[in-house]
Amino acid sequence: MKHVLEEIENKFEVFQVLNQDGEIVNKENVPDLSDDELKELMTRMVYTRVLDQRSIALNRQGRLGFYAPTAGQEASQIASHFALEKQDFILPGYRDVPQLIWHGLPLYQAFLFSKGHFHGNQMPEGVNALSPQIIIGAQYVQAAGVALGMKLRGKDAVAVTYTGDGGTSQGDFYEGINFAGAYNAPAIFFIQNNYFAISVPVEKQTAAKTLAQKAVAAGIEGYQVDGMDPLAVYAVTEHARKRAINGGGPTLIETLTYRYGPHTMAGDDPTRYRTKDLDSEWEKRDPLVRFRTYLENKNVWSEEQENEVIERAKEDIKEAIKKADAYPKQKVTELIENMYENLPYNLEEQLKEYRERESN
């Protein structure tokens, strides 16, 4: 059995298209993206990095609440989303707000989500997504259900969900991929392996050599991808989506990535469990630097273009946080009314009490 296990594990090689130096190392699998599409992908990645930097600053100023940094994971998040279509349904984790924004969630609502306002969880008409899941791994079960619903309705779309390496230790992770596999549901499950979950190294989460190999037990396809390589992430996602809508079933994709900041801004200190040498090693693999080098060598990107994106992002963020700050504050009565269609008697009593308080 040890021989069988080793044989399976060795088949999960890291898929890469663009190496650390921005050079194509896998010509056969370079995705068919035009220069304009490549520039748009880079634009979104740069914009997302600025959004992360500003969100951290706003959190420290007390203008945002819960926030999970995203710097370092732009290729994993944005390139995977870039391969999706508007009709696809996204079920994000709490670090996956950027995908929601590029899927159509207004920026000010993303800020309201961070502030804990219920309107931040209300997706606008035509935005196929749930609000970010706080319960670790729960989105995997939900994604399996959404995907099955799409299949039964004959939808030309997929359900896509994300979790981190720590999420694979949850029962919901296994239940989700197993259910989707059993029903051949059109789902794409992402594991964004940044190696430390909240603070526990991935090797203490599992004895498995890769997280991608967990697909084998569920009877579905699995891939391990260089999550700092946007072209590789896009290519695998595109492949998984085509398979799913053509009846090929779900796919599990492990992206090897790294978060440069803390797990969240709620007091986590990554220096307690990560070394400076490790941080420096991963900074050399920065997805923005890698992709920038590639595009500049193709003469489709410049410092001037990047600065324009940075300034636009800063202006958009400035306007969005101003709108979020000025938004009507959430009332207790609204919280109660939004919880149930038909209130139980005890909440009826509380609703009446708080209506009287608010009217005064």
Legend entry - Meets criteria (within 30 Å of Lys322 (Cβ to Cβ), of a type outside the set (A, V, I, L, M, F, W, C) and in contact (Cβ under 8 Å) with a residue 12 or more places away in the chain) for Glu9: no
Inset, instruction - Looking at (1) more than 20 Å from Leu84 (Cα to Cα); (2) at pLDDT 95 or above; (3) out of contact with any strand residue (DSSP E or B) (no Cβ under 7 Å at 6 or more places or on another chain); (4) not aliphatic (A, V, I, L, M), find the lone condition where Phe173 falls short. - result: (3)
Inset, instruction - Go through Phe89, Phe118 for me and flag whichever is over 15 Å from the mean Cα position of the chain (by Cα), of a type in the set (Phe, Trp, Tyr), over 24 Å from Thr206 (Cα atoms) and in the same structural domain as Leu41 (by TED's automatic domain parsing). - result: Phe118
Inset, instruction - Please specify each residue of the range 263-285 satisfying the condition of being among the polar types (S, T, N, Q) and over 22 Å from the mean Cα position of the chain (by Cα). - result: Thr271, Thr275, Ser280
Inset, instruction - Report yes if Thr237 is farther than 21 Å from His81 by Cα, hydroxyl-bearing (Ser, Thr, Tyr) and crowded, with 22+ Cβ neighbours inside 10 Å, otherwise no. - result: no
Legend entry - Close pairs from the range 57-70: first in contact (Cβ under 8 Å) with a residue 60 or more places away in the chain and on the phi < 0 side of the Ramachandran plot, partner part of a loop (DSSP other than H, G, I, E, B) and of a type in the set (D, E, K, R), Cβ under 7 Å, at least 6 apart: Ala68/Arg95; Pro69/Arg259; Thr70/Arg95
Legend entry - Filtered residue count, the range 103-134, keeping only those that are touching a residue at least 12 places away in the same chain (Cβ under 8 Å) and either under 24 Å from Phe173 (Cβ atoms) or part of a loop (DSSP other than H, G, I, E, B) (or both): 19
Legend entry - Close pairs (7 angstrom Cβ cut-off, 6 or more residues apart or separate chains): in contact (Cβ under 8 Å) with a residue 12 or more places away in the chain in the range 161-179, among the acidic types (Asp, Glu) anywhere: Tyr162/Asp96
Inset, instruction - Kindly indicate the residue of the range 172-219 that is over 21 Å from the mean Cα position of the chain (by Cα) and among the hydrophobic types (A, V, I, L, M, F, W, C) and also surrounded by the most Cβ atoms within 10 Å (Cβ to Cβ) among those meeting that condition. - result: Ala218
Inset, instruction - State which residue is farthest from Tyr174 (Cα to Cα) when the search covers only the range 231-282 and only residues that are in a helix (DSSP H, G or I) and of a type in the set (Ser, Thr, Tyr). - result: Ser280
Legend entry - All positions within the range 164-179 that are part of a helix (DSSP H, G or I) and not hydrophobic (A, V, I, L, M, F, W, C): Asp165, Gly166, Gly167, Thr168, Ser169, Gly171, Asp172, Tyr174, Glu175, Gly176, Asn178
Inset, instruction - Report yes if Val30 is buried (at least 21 other Cβ atoms within 10 Å of the Cβ), in contact with a Leu (Cβ under 8 Å, 6 or more places away or on another chain), aliphatic (A, V, I, L, M) and touching a residue at least 60 places away in the same chain (Cβ under 8 Å), otherwise no. - result: no
Inset, instruction - Consider Tyr195 carefully, then state whether it is at pLDDT 95 or above, farther than 23 Å from Gly149 by Cβ, hydroxyl-bearing (Ser, Thr, Tyr) and part of a loop (DSSP other than H, G, I, E, B). - result: yes
Inset, instruction - Output the residue which, of all residues in the range 65-83 that are out of contact with any Gly (no Cβ under 8 Å at 6 or more places or on another chain) and not in a loop (DSSP other than H, G, I, E, B), is surrounded by the fewest Cβ atoms within 10 Å (Cβ to Cβ). - result: Phe82
Inset, instruction - List the number of the failed condition for Leu335; all other conditions in (1) in the same structural domain as Ile56 (by TED's automatic domain parsing); (2) closer than 21 Å to Tyr108 by Cα hold. - result: (1)
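The values are calculated or read from the model by the stated rules, or taken from the named source; none is laboratory data. All values derive from a computational prediction rather than experimental measurement. Here the Cβ is made from the backbone with ideal geometry for all residues, glycine too, and neighbour counts use every protein chain on show.
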